[in-house]
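J.: First, the structure itself, so that you have it in front of you.
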Amino acid sequence: MTFSILLLVIAILFVIAYIGGARRARSLVSPGVTLNSLPGHYGSLVALWTCLPPLLLMLCWGMLESPVIDRLLEAQLPAGIQAEGGNRVSLALSKVHNLAGGANVEADPELAPVVLHLVDLQSRNRMLSTALVLALALAGFGFSLRRLAPALRARNEVEGIVRSLLFCSSGVAVLTTVGILSSVLFEAWMFFGKVNVFDFLFGTTWSPQVALRADQSGSSGSFGAIPLFTGTLLISMIAMLIAVPIGLMSAIYLSEYATPRIRNYAKPALEVLAGIPTVVYGFFAALTVAPILKSLGADVGLEVSSESALAAGLVMGVMIIPFVSSLSDDVINAVPQSLRDGSYGLGATQSETIRHVVIPAALPGIVGAVMLAVSRAIGETMIVAMAAGLAANLTANPLESVTTVTVQIVTLLVGDQEFDSSKTLAAFALGLVLFLVTLILNFVALKVVQKYREQYD
């Protein structure tokens, strides 16, 4: 039984267990005997005991299945392949899996017994996992059903289980963040062992070209990241100068001035911009905006590059407008109407009410929307690659070609370079700096909100 079918079976068992538990609880009611909790709580308890242990088993099984099978297959590989070890073993195991999965690869008679062994292991694994999961589900159903009694505090147990699930979910999120940060820190530490940290942070030349092999001649590379940070800041500032004013004013108009009919048409039309793929924006910037800017620049005597920060920033700003407008609109609409009525009662005009009451009350949400937009601008890759180019130029002129940190991360991780080379590891160093910059921006935004927000009880 496949994984998806097994999940469907567990979902069906969940519904059956809930209904069975609730009916069992109702049958326990008799004259003078009342239930401690509602029948739905008893049903939920039975359903959780029926489904949670099998799901936990499936999770553990899925995590251990692949490494265990690979270890068993490794022992079945020909002695010559095992003697070579390392990449040769990994390549052979990959080919075995492809052949067993029916991939269109050239059959290898030497690996044929291993492929047959893998097919047998997969068949046994599916049968064994299905049997264990179903047996555990039935055992949980029977155990929980026998525990039902009028005095059982089913609600308390259900709430405790749900609380534990929420805690585990939070723990998974935290551990995922810690894992990502740890991996980036480790790789960045290896990079800074090869390249001086001050040369990286304050260097003005970015040319990460290194030799592919030790016997090749080539540059040792130059990893000064200042041009990348400057390009990222330049394009992000242009984008925010477009997105924040237009997005915020659009939100104020839609929430405070627009009629319901206009709002019903304008808000969806504005949010359509958020659904357009970034590659489409990139084509628009490269094929339409950049030539227009170059033509306009030529008309007024300015030399505009065919790939410029201005073109990328303008299009990126248009793309980010919905992030600011939609979130800000929702936050402004969440401000209680009583605050507006109180302001009007004191003689304030609508514009004064918006400036002195609505905006201060909605400031945390507006700052959150702006920070989301900033993060989106900093992390954009496709528009920059298509409209601003890949050249790491140290310039503050928006009419010239620049690049950003994210574009260079993608460029560094694509190619034939060894993973432990300085060129590849530089991507993790750039990612770490980008993480720290984003963290600092969020800290500053928090302090701004704490200083200027207005709290109303």
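The values are calculated or read from the model by the stated rules, or taken from the named source; none is laboratory data. The structure displayed is predicted, hence computed values, not measured ones. Neighbour counts are summed over all protein chains in view; Cβ atoms, including those assigned to glycine, are modelled from backbone coordinates with ideal geometry.
J.: Would you call ALA47 of a type in the set (A, V, I, L, M, F, W, C) and within 23 Å of CYS168 (Cβ to Cβ)?
T.: yes
J.: Could you check LEU363 against (1) within 30 Å of GLY231 (Cβ to Cβ); (2) buried (at least 16 other Cβ atoms within 10 Å of the Cβ) and say which number it fails?
T.: (1)
J.: Here is a list: LEU152, LEU175. Which entry is within 20 Å of LEU35 (Cβ to Cβ) and either at pLDDT below 90 or assigned to a helix (DSSP H, G or I) (or both)? Reasoning before the result, please.
T.: Working: LEU175 fails: within 20 Å of LEU35 (Cβ to Cβ).
Unique residue meeting the criteria: LEU152.
J.: Could you check, for region 368-380, whether at least one of its residues is part of a loop (DSSP other than H, G, I, E, B), touching a residue at least 24 places away in the same chain (Cβ under 8 Å) and not hydrophobic (A, V, I, L, M, F, W, C)?
T.: Restricting attention to region 368-380, the residues satisfying the condition of being part of a loop (DSSP other than H, G, I, E, B) are 380.
Filter once more, so that each one left must be touching a residue at least 24 places away in the same chain (Cβ under 8 Å): 380.
The next check asks that each one be not hydrophobic (A, V, I, L, M, F, W, C); those that pass are 380.
Yes: one or more hits.
J.: Pick out the one residue from SER183, SER129, SER144 that is outside the structural domain of GLU65 (by TED's automatic domain parsing), surrounded by 11 or more Cβ atoms within 10 Å (Cβ to Cβ), polar (S, T, N, Q) and in a helix (DSSP H, G or I).
T.: SER183
J.: Tell me yes or no: at least one residue of region 331-346 is more than 28 Å from PRO268 (Cβ to Cβ), without any contact (Cβ under 8 Å) to a residue 40 or more places away in the chain and in a loop (DSSP other than H, G, I, E, B).
T.: yes
J.: Right, something else. Has region 432-451 got at least one residue that is touching an Asp or Glu at 6+ places or on another chain (Cβ under 8 Å) and surrounded by 14 or more Cβ atoms within 10 Å (Cβ to Cβ)?
T.: no
J.: Run LEU372 past the list (1) modelled with pLDDT under 90; (2) surrounded by 21 or more Cβ atoms within 10 Å (Cβ to Cβ); (3) within 32 Å of the chain's Cα centre (by Cα) and report the number of the one that doesn't hold.
T.: Here LEU372 meets the rest and fails (2).
J.: Turning to a different aspect of this structure: Inside region 382-457, counting only helices (runs of 4 or more DSSP H) that do not spill past its ends, which hold 3 or more residues that are modelled with pLDDT under 80 and more than 23 Å from the chain's Cα centre (by Cα)?
T.: Output list reads 422-452.
J.: So, of the residues in region 156-195 that are under 22 Å from LEU55 (Cβ atoms) and charged (D, E, K, R), which turns out to be farthest from the chain's Cα centre (by Cα)?
T.: So, considering only residues that are under 22 Å from LEU55 (Cβ atoms) and charged (D, E, K, R), the one farthest from the chain's Cα centre (by Cα) is GLU157.
J.: Give the residue, chosen from ALA188, ALA135, ALA149, ALA173, that is free of Cβ contacts under 8 Å to residues at least 40 places away in the same chain and either surrounded by 12 or more Cβ atoms within 10 Å (Cβ to Cβ) or assigned by TED's automatic domain parsing to the domain that holds LEU35 (or both). Write out each step before concluding.
T.: Values: ALA188 fails: free of Cβ contacts under 8 Å to residues at least 40 places away in the same chain; ALA149 fails: free of Cβ contacts under 8 Å to residues at least 40 places away in the same chain; ALA173 fails: either surrounded by 12 or more Cβ atoms within 10 Å (Cβ to Cβ) or assigned by TED's automatic domain parsing to the domain that holds LEU35 (or both).
Selected residue: ALA135, the only one of ALA188, ALA135, ALA149, ALA173 that is free of Cβ contacts under 8 Å to residues at least 40 places away in the same chain and either surrounded by 12 or more Cβ atoms within 10 Å (Cβ to Cβ) or assigned by TED's automatic domain parsing to the domain that holds LEU35 (or both).
J.: Another question, if that's okay. Can we say ASP341 is at pLDDT 85 or above, exposed (fewer than 13 other Cβ atoms within 10 Å of the Cβ) and within 27 Å of ILE252 (Cβ to Cβ)?
T.: Considered against the rule, which asks whether it is at pLDDT 85 or above, exposed (fewer than 13 other Cβ atoms within 10 Å of the Cβ) and within 27 Å of ILE252 (Cβ to Cβ), ASP341 comes out as yes.
The rows are residues; the columns are (1) surrounded by fewer than 17 Cβ atoms within 10 Å (Cβ to Cβ); (2) modelled with pLDDT of 85 or more; (3) touching a Phe, Trp or Tyr at 6+ places or on another chain (Cβ under 6 Å); (4) assigned to a helix (DSSP H, G or I).
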{"position": "TYR42", "(1), (2), (3), (4)": "no, yes, no, yes"}
{"position": "VAL46", "(1), (2), (3), (4)": "no, yes, no, yes"}
{"position": "LEU52", "(1), (2), (3), (4)": "no, yes, no, yes"}
{"position": "GLY62", "(1), (2), (3), (4)": "yes, no, no, yes"}
{"position": "ALA83", "(1), (2), (3), (4)": "yes, no, no, yes"}
{"position": "VAL89", "(1), (2), (3), (4)": "no, no, no, yes"}
{"position": "VAL114", "(1), (2), (3), (4)": "no, no, no, yes"}
